[in-house]
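A.B. asks: First the structure, which I've put down as structure tokens, then a few questions once you've had a look.
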Amino acid sequence: MQDGEQIRQDGFLQGYSSLVWGVIALQAVGGLVVAAVLKYADNILKCFGNAMSIVISCLMSAALLQEFEPDILFVLGTLLVLVATTLYSLGVPAELKRLLIKECAKVEDGAKV
């Protein structure tokens, strides 16, 4: 408790700048967005969203701040994220879905005998 006296004197929120309040607001909104995604979508979609946000953040950091230099592993990981997201968004092809349903029916019929 090194700052106890100063906190009692000036309050807990002393020194909070507009930047700090902005970060707090972004974190709060981010938590609400995660809750909404989990309520109306599913956990897999949340994971894809997290992966996409990391990729976008890194690319923005590289473009705007020149703080990030992508290497070959980052490019490979980004490509994998984009391909996985695309494949998940497209869904199961109709022909494959019919085949899976037919195979499941055969397995269930075999189990009943």
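A.B. asks: Of the residues in segment 17-54, how many are exposed (fewer than 11 other Cβ atoms within 10 Å of the Cβ) and under 8 Å from the mean Cα position of the chain (by Cα)?
C.D. replies: Residues flagged as exposed (fewer than 11 other Cβ atoms within 10 Å of the Cβ) and under 8 Å from the mean Cα position of the chain (by Cα) within segment 17-54 amount to 0.
A.B. asks: Being closer than 20 Å to F48 by Cβ and polar (S, T, N, Q) narrows it down to one of S61, S89, so name that one.
C.D. replies: Working: S61 fails: closer than 20 Å to F48 by Cβ.
Exactly one residue qualifies, and that residue is S89.
A.B. asks: Can you find a residue that is surrounded by fewer than 11 Cβ atoms within 10 Å (Cβ to Cβ) and either touching a residue at least 40 places away in the same chain (Cβ under 8 Å) or not aliphatic (A, V, I, L, M) (or both) anywhere in segment 79-89?
C.D. replies: Yes - at least one qualifying residue is present in segment 79-89.
A.B. asks: Just to be sure, is K102 surrounded by 11 or more Cβ atoms within 10 Å (Cβ to Cβ), among the charged types (D, E, K, R) and either at pLDDT below 85 or out of contact with any Ser or Thr (no Cβ under 7 Å at 6 or more places or on another chain) (or both)? Before the answer, list the steps.
C.D. replies: Values: surrounded by 11 or more Cβ atoms within 10 Å (Cβ to Cβ): no; among the charged types (D, E, K, R): yes; either at pLDDT below 85 or out of contact with any Ser or Thr (no Cβ under 7 Å at 6 or more places or on another chain) (or both): yes.
No: the conditions fail for K102.
A.B. asks: What is the one condition in (1) under 26 Å from G30 (Cα atoms); (2) surrounded by 10 or more Cβ atoms within 10 Å (Cβ to Cβ); (3) among the acidic types (D, E) that E67 does not satisfy?
C.D. replies: (2)
The values are calculated or read from the model by the stated rules, or taken from the named source; none is laboratory data. Being a predicted model, the structure only gives us computed values, none of them experimental. No Cβ is skipped: glycine too gets one built from the backbone with ideal geometry, and neighbour counts run over all protein chains shown.
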